[in-house]
Amino acid sequence: MGVCIVGFCFVPSESVEASCCSIMNLKGKNLISCVKFQLLFDTRILLNHHHHHHQQQSLRTITKVRLKWVKNRSIDHIIDKETDLKAASLLKDAIKRSPTGFITSKTVADWQKLLGLTVPVMRFLRRFPTLFHEFPHSRYPSLRCFKLTDTALLLDNQEQKIHKAHESDIVERLCRVLMMAKTKAVPYQSLHELKWDLGLPDAFDKSIINKYPGHFKVVKGSYGLPLLSLVGWPEEYAVSTLQKCGENSELGNEYRHFKRGQTALAFPMSFPRGYGAQKKVKAWMEEFQKLPYISPYEDSRRLDPTSELMEKRVVGVLHELLSLTIHKKTKRNYLRSLRAELNLPHKFTRIFTRYPGIFYLSLKCKTTTVTLREGYRRGKLVDLHPLARLREKFYHVMRTGLLYRGKGENMLSPEDCFIDGVEEKANQDEAVDEESEIEEEVWEEPSDADTESDGELI
């Protein structure tokens with residue numbers, strides 16, 4: 001059925017001739033009255049449309065409040081510390097993988113960016129004589145070599161024991177990452193980038209993947225790249241961390257109402273100082289929390305990608321992925337590599353600055369790190385995984401070598417290398433808990449330097 005415009009009105013084609021004839025036959029005041037009526041009718045339509053559009057825009061501004069970035073010094077301090085910790089741990093694994101049992105200064109010359117360091121790798125290795133022992137090459141005396149000290153080997157042995165004791169936990173975390181992917185498969189490269197953050201063993205493809213064929217299999221993806229695919233669907237893992245926390249008795253009737261479909265499941269929020277008192281932030285928080293919670297393990301392909309419901313689902317996926325990491329944080333570029341698999345929008349990284357009560361975006365160490373706020377309290381991890389405790393011990397050994405570089409490994413007693421020994425001195429580093437506001441917006445798209453992929457030694 002076609003349409004014809006008569007006096008700014010849309011008229012069905014069947015009545016076009018009659019309408020045109022009627023208007024043509026009108027004369028004088030009758031014609032003027034008819035035109036006035038048509039204009040009044042069309043004006044009301046336009047006003048109603050404008051009012052409806054304004055209502056939609058008002059709702060949008062509630063859930064997309066523009067907020068300034070606020071620096072959190074305590075979390076920045078942790079990220080700064082753990083950048084060195086991660087680099088030392090990766091170097092330890094690289095030396096252990098070496099068939100000769102050592103690495104040369106020539107081998108590590110180009111690893112600075114891969115390790116995320118701000119100093120040359122050779123200088124970094126020399127900082128920590130409690131972990132890395134330097135000696136000349138047997139055939140080329142001018143070539144410096146580095147091997148692991150007895151202390152480093154002891155710490156590595158403890159790490160292997162933790163991996164073995166918590167193998168079921170590693171399998172569950174890997175399964176849950178794959179279950180969030182829309183094809184239930186993730187590129188191997190992306191998993192290797194997240195290996196340290198997820199607490200996977202160095203050679204997890206051999207020690208975990210090959211050992212559990214009932215859970216995992218390796219398939220070829222596009223361009224022949226290997227993918228790790230999920231076998232079956234372990235229903236017991238399809239419960240998000242937020243839902244598990246909701247089952248805690250501390251929430252009382254709130255979670256029971258959610259399970260009955262009477263309320264939405266709320267995300268824990270901890271706003272920087274001053275934000276919580278703002279009326280627009282309170283209104284935004286209330287509107288956002290009222291939206292239905294969609295589990296990250298549910299199929300989201302039927303959701304409107306531009307809807308507010310989809311935005312809350314994206315928040316839920318990022319919240320879940322960060323919850324699966326050992327230190328409740330990871331690099332933003334690692335999440336970007338999983339964007340397509342997790343069915344995230346192209347500009348999903350804006351979520352981190354739009355929801356500062358849930359996420360914290362750090363710019364320390366020449367990279368961008370995303371942290372789950374609820375994972376930390378007073379500058380410390382709330383839920384300390386056994387692997388995180390061992391890494392604290394690892395950092396204590398590193399710091400001892402840095403402070404007493406001349407004496408090196410002799411400054412350590414055997415008890416210092418065990419988790420259940422003396423109190424962690426690394427934990428005694430005072431972390432500033434105050435947050436100071438920075439007059440800088442992080443709302444804009446990242447700069448070219450910021451969008452460069454963060455390298456990683458895998």
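Could you grab me the full set of residues in the stretch 392-413 that are crowded, with 16+ Cβ neighbours inside 10 Å and modelled with pLDDT of 70 or more? First the steps, then the outcome.
Applying the first criterion (crowded, with 16+ Cβ neighbours inside 10 Å) to the stretch 392-413 yields 392-401, 408-409, 411-412.
Across the stretch 392-413, the qualifying residues are 392, 393, 394, 395, 396, 397, 398, 399, 400, 401.
Residues in the stretch 99-113 that are open to solvent by 30 Å² or more (accessible area, probe 1.4 Å) and of a type outside the set (A, V, I, L, M, F, W, C): 99, 100, 101, 106, 107, 110, 112, 113. Here residue 367 does not fit the description of being of a type in the set (Ser, Thr, Tyr) and surrounded by 18 or more Cβ atoms within 10 Å (Cβ to Cβ).
Open to solvent by 70 Å² or more (accessible area, probe 1.4 Å), at pLDDT 80 or above and not acidic (Asp, Glu), is that true of residue 244? Full working, then the answer.
Working: open to solvent by 70 Å² or more (accessible area, probe 1.4 Å): yes; at pLDDT 80 or above: yes; not acidic (Asp, Glu): yes.
So residue 244 passes the test.
Looking at 182, 217, 164, just one residue is open to solvent by 10 Å² or more (accessible area, probe 1.4 Å) and without any contact (Cβ under 8 Å) to a residue 12 or more places away in the chain, and that residue is 164. Within the stretch 330-344, being out of contact with any helix residue (DSSP H, G or I) (no Cβ under 6 Å at 6 or more places or on another chain) and open to solvent by 20 Å² or more (accessible area, probe 1.4 Å) holds for 331, 336, 339, 340, 341, 343.
Scanning the stretch 311-343 for residues that are closer than 18 Å to residue 381 by Cα, over 9 Å from the mean Cα position of the chain (by Cα) and of a type in the set (A, V, I, L, M, F, W, C) gives 324, 326. Across the stretch 190-200, not a single residue is classified as within 22 Å of residue 159 (Cβ to Cβ), assigned to a loop (DSSP other than H, G, I, E, B) and aromatic (Phe, Trp, Tyr).
Residue by residue through the stretch 201-217, note down the ones that are in a loop (DSSP other than H, G, I, E, B) and either among the acidic types (Asp, Glu) or closer than 18 Å to residue 157 by Cβ (or both).
The first filter runs over the stretch 201-217 and keeps only residues in a loop (DSSP other than H, G, I, E, B), leaving 201-203, 210-215.
Result: 201, 202, 203.
Please name all residue pairs, on different chains or six or more residues apart, with Cβ atoms under 6 Å, provided the first residue is in the stretch 91-106 and is small (Gly, Ala, Ser) and the second residue is open to solvent by 20 Å² or more (accessible area, probe 1.4 Å). The qualifying pairs are 101/147; 105/122; 105/144.
Counting just the residues of the stretch 288-301 that are open to solvent by 70 Å² or more (accessible area, probe 1.4 Å) and in contact (Cβ under 8 Å) with a residue 40 or more places away in the chain, which one comes out farthest from residue 230 (Cα to Cα)? Full working, then the answer.
Applying the first criterion (open to solvent by 70 Å² or more (accessible area, probe 1.4 Å)) to the stretch 288-301 yields 290, 292, 298-299, 301.
The next check asks that each one be in contact (Cβ under 8 Å) with a residue 40 or more places away in the chain; those that pass are 299, 301.
Numbers: 299: 15, 301: 19 Å.
It comes out as 301.
Taking every residue in the stretch 187-201 that is touching a residue at least 40 places away in the same chain (Cβ under 8 Å) and pairing it with any residue that is in a helix (DSSP H, G or I) and among the polar types (S, T, N, Q), at least 6 positions away or on another chain, the pairs with Cβ-Cβ distances below 8 Å are 196/89; 201/160; 201/207.
Once the stretch 52-74 is narrowed to residues that are open to solvent by less than 20 Å² (accessible area, probe 1.4 Å) and either out of contact with any helix residue (DSSP H, G or I) (no Cβ under 8 Å at 6 or more places or on another chain) or not in a helix (DSSP H, G or I) (or both), the residue that is modelled with the lowest pLDDT is 65.
Taking every residue in the stretch 377-400 that is on the phi > 0 side of the Ramachandran plot and pairing it with any residue that is assigned to a helix (DSSP H, G or I) and surrounded by 21 or more Cβ atoms within 10 Å (Cβ to Cβ), at least 6 positions away or on another chain, the pairs with Cβ-Cβ distances below 7 Å are 379/78.
The values are calculated or read from the model by the stated rules, or taken from the named source; none is laboratory data. Quantities reported herein were computed from a predicted structural model and do not represent experimental measurements. Methodologically, a virtual Cβ is constructed for each residue, glycine included, from the backbone with ideal geometry; neighbour enumeration extends over all protein chains shown. For the accessible areas, the whole protein counts, side chains as well, though only heavy atoms, and no ligand, DNA or RNA atoms are used. Shrake-Rupley method; radii C 1.70, N 1.55, O 1.52, S 1.80 Å.
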